[in-house]
1. Could you check the range 65-83 and list, in sequence order, the residues that are part of a helix (DSSP H, G or I) and buried (at least 17 other Cβ atoms within 10 Å of the Cβ)?
2. Identify the single condition in (1) part of a helix (DSSP H, G or I); (2) over 15 Å from residue 169 (Cα atoms) that residue 62 does not satisfy, given that it satisfies every other one.
3. Return yes or no: is residue 139 crowded, with 18+ Cβ neighbours inside 10 Å and in a helix (DSSP H, G or I)?
4. Within the range 161-180, restricting attention to residues that are under 15 Å from the mean Cα position of the chain (by Cα) and over 15 Å from residue 147 (Cα atoms), which residue is modelled with the highest pLDDT?
5. Residue 134: assigned to a helix (DSSP H, G or I), surrounded by 15 or more Cβ atoms within 10 Å (Cβ to Cβ) and modelled with pLDDT under 90, yes or no?
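The values are calculated or read from the model by the stated rules, or taken from the named source; none is laboratory data. This one's a predicted model, so the numbers in the text were calculated from it and none came from an experiment. Quick reminder, even Gly has a Cβ in these numbers, built from the backbone with ideal geometry, and neighbours come from all protein chains shown.
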């Protein structure tokens, strides 16, 4: 083998490594975006359930207007939140507001027996579980992307093409320890 052949082989290996590294970043970014879309779908489902829940509870506890206003404000803030960090804060606020509505329901035995309310509880509980699963999937993909972006030598590719780290979607510590209670 001549020196030129060896140099060409080394160059070919470097080019292939470069291509595979670039493509793996694209794959990780697309997985993270897909995972965020899954979270977004579940959050929209949650947002759609909340007005029905509020209206059902309102029929029994119409004089508790501040709790309903808090839920409405929190829902609006969550729906309009821009980035991942804002979305996390808004979701924490919404979770707290929903807890107050469910606490209200404790005071109304007829409400707890209402079929619409029970169905909404079930749907919301199912949605909360799906949000949790989607959040784990998203955070796993973000972790993999961030690890690759920080690891040598793939961090060189990340720097050249401006592949940046993504934010994790996290709940506040208190919200994570005390999820919305939807079972009575």
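1. 67, 68, 70, 71, 74, 75, 77, 78
2. Of everything listed in (1) part of a helix (DSSP H, G or I); (2) over 15 Å from residue 169 (Cα atoms), residue 62 misses just condition (1).
3. yes
4. Restricting to residues being under 15 Å from the mean Cα position of the chain (by Cα) and over 15 Å from residue 147 (Cα atoms), the top hit is 169.
5. So residue 134 fails the test.
Results for (1) surrounded by 12 or more Cβ atoms within 10 Å (Cβ to Cβ); (2) free of Cβ contacts under 8 Å to residues at least 12 places away in the same chain; (3) under 24 Å from the mean Cα position of the chain (by Cα), shown as yes or no for each residue.
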| position | (1), (2), (3) |
| --- | --- |
| 3 | no, yes, no |
| 10 | no, yes, no |
| 24 | yes, no, yes |
| 36 | yes, no, yes |
| 47 | yes, no, yes |
| 50 | yes, no, yes |
| 54 | yes, no, yes |
| 86 | yes, yes, yes |
| 92 | yes, no, yes |
